[in-house]
Structures are given as C-alpha cells and as structure tokens.
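Here's the structure we're looking at; comments come further down.
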Amino acid sequence: MSIGKNITKYRELAGFTQKQLAEKMGVTPTCLNYYEKDKRTPDAEAIKLLAGLLNVSGDQLIGLPLSVAEPLYSAKERNIIHNYRKLDTYGKDLVDTVLNKEYNRVLEQQEEEETDPEYLQLPFYDDKAAAGTGYPLNDNGYEMIRVVRTRNTERADFIVTVSGNSMEPEFSDGDRVLVHSQPDVYEGEIGIFIVNGEGVIKKKGKDRLISLNPRYKDIYPVQTDTFKCAGKVIGKLSV
C-alpha cells in the first residue's frame, strides 16, 4: 500500500477529517490531499509528525511489512481511540471513570500478588455516605478493622460505606470507600460532604455537588445550609 493510502487509512481510523488533520499538521487541506493522492511525497519531518498524530510508527506509515514494523496499537485499540474521540463530554467522563477504576484495581491486585500482604488498622465508621439524596449522620462511632496495606490504604484516614447508586458506575451501594481527611477538595475531585447533617459522596463542581449517575439531581448548597467537607475519596476498599 502506498504512503498516501496509508495516510488515508490511519487518518480515518483515528477519526480525523482531512481538514482536522491538516490543521493539526499546520498545512493546508490541499497539501494533505496531495499526500493522500500520492501527488506529493511527505518529507521525513512530515512523516514523523503524521505518525505521532495518527498513533502509528513511521515505518507503518511508509508501508513496511508488519514483521518489520510492529504496530504501536492493535486494530482493536485504534478502534477504541476512534470511538472515544466521537463521544461527548459526558461520555468521555464516563469512560475515564471506568478506565481509572479498573486501572487502579489491577494495580492493587498486582501489589497484593507480588508480596505477602501486610496489614494496618483503619477506623470504619458506622455512618454511611449516601450516593443518593442524603443519609443522616449521627456520630455513631467506629470500629478499627484490619485492611491490606496498599498505596491507597496508607493514605486513608477512615472508611465509610456508600449508600445508594447516584455515583455509579464508579461507586455502588455497599462499597466501602477510603477517605483522606481534609477540609476541602479540588473541583472535579470526589469527596465526602455533610450537608445539613446528612453525609453524601459527590464530585465537587464549581457551585454544586455532582452525581455521576445522570438519573440523580446534583446538590446546590446555599448560604442557609450547614455544609462542610469531611475528606477526599481516594479509592475503594478491595473485598
């Protein structure tokens, strides 16, 4: 396959139009069209730039056989990237949430498998953090429980249980979440908040507390509300 046909192939797999890719390259659409029609051959710098933008190697782009040029991404991985770029903001946030959750889960499993587990004690509070409309906090106390020592459990100050499903798919009803005590969290981070005496687990927005599950409304605290942050959610306790 010619260089031009390869450029067209990998451009379409990456989800770019000719105009979009030309803008990223800093060339005119006509110039890119000439490359794809094999009316003009891109120089070494252009091939390097195209390869980076299209997530392939330069060898693949110029048509070396796969036995010589190993692909940076499989066809399935390129298709995932192509589909991801077509999602809206909500869809990308949802994919990012699931991806990060699974990535952290695998990392923790690898840590546990590599060495004999060490343990530490953390406070486990009886009160729950609602992933819904709110759960009363009555200061019911806590018990110390033994957990496997990981990067997240070492950073955690206490554990609470999620009640409800407004934070799905990241957190589900019954999940035990690890919390680092701090007076506030940054916008975009997930925390445990107490609003008018009710504990909730939510993502912090500019002027609201956000539910990841679109079936649930966000919370907009007002001046008359009693409101505070109990800490940042840093992960989920593996069962």
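Rounded to the nearest 20, the size of the Cβ-charge dipole of the chain about its Cα centre is 1300 debye, with Lys and Arg at +1 and Asp and Glu at -1. Among 190-202, 34-46, 81-93, the peptide with the highest mean count of other Cβ atoms within 10 Å heads the list, and the full ranking is 190-202, 34-46, 81-93.
Of all the options N104, N165, N33, the one that moves most in a Gaussian network model of the chain with Cα springs shorter than 10 angstrom is N33.
The accessible area of E154, taken with all protein chains in place and a 1.4 Å probe, comes to roughly 110 Å².
Which whole-angstrom value gives the distance between the alpha carbon centres of segment 16-33 and segment 200-225? Distance between centres, Cα-based: 42 Å. In this label model, I81 and M25 are separated by 1.6 nm, measuring between points 7 Å along each Cα→Cβ vector. Using a probe of 1.4 angstrom and keeping all protein chains present, the accessible surface of the chain works out to 60 square angstrom per residue. Normalise the Debye intensity by I(0) for the chain, one equal point scatterer per Cα, no solvent, then take log10 at q = 0.13, 0.17 Å⁻¹ and round to two decimals. Debye curve over Cα of the chain, log10 I(q)/I(0) at q = 0.13, 0.17 Å⁻¹: -0.84, -1.10.
Under a Gaussian network description of the chain, with springs only between Cα atoms under 10 Å, the residue in E189, E102, E12 that fluctuates furthest is E12.
Taking every C-alpha pair closer than 8 Å and separated by at least 6 residues, the mean separation divided by the residue count of the chain gives a relative contact order of 14 percent. Rolling a 1.4 Å probe over the protein heavy atoms of the chain, with every protein chain left in place, gives an accessible area that is 50 percent carbon and sulfur. Extending 7 Å from Cα along the Cβ direction at K217 and again at R149 yields two label points whose distance is 4.7 nm.
The values are calculated or read from the model by the stated rules, or taken from the named source; none is laboratory data. Computed from a predicted model, the values in this text were never measured in an experiment. Every residue, glycine among them, receives a Cβ derived from its backbone with ideal geometry; neighbour counts consider all protein chains shown. Surface accessibility is based on the protein's heavy atoms, side chains included, excluding ligands, DNA and RNA. Shrake-Rupley method; radii C 1.70, N 1.55, O 1.52, S 1.80 Å.
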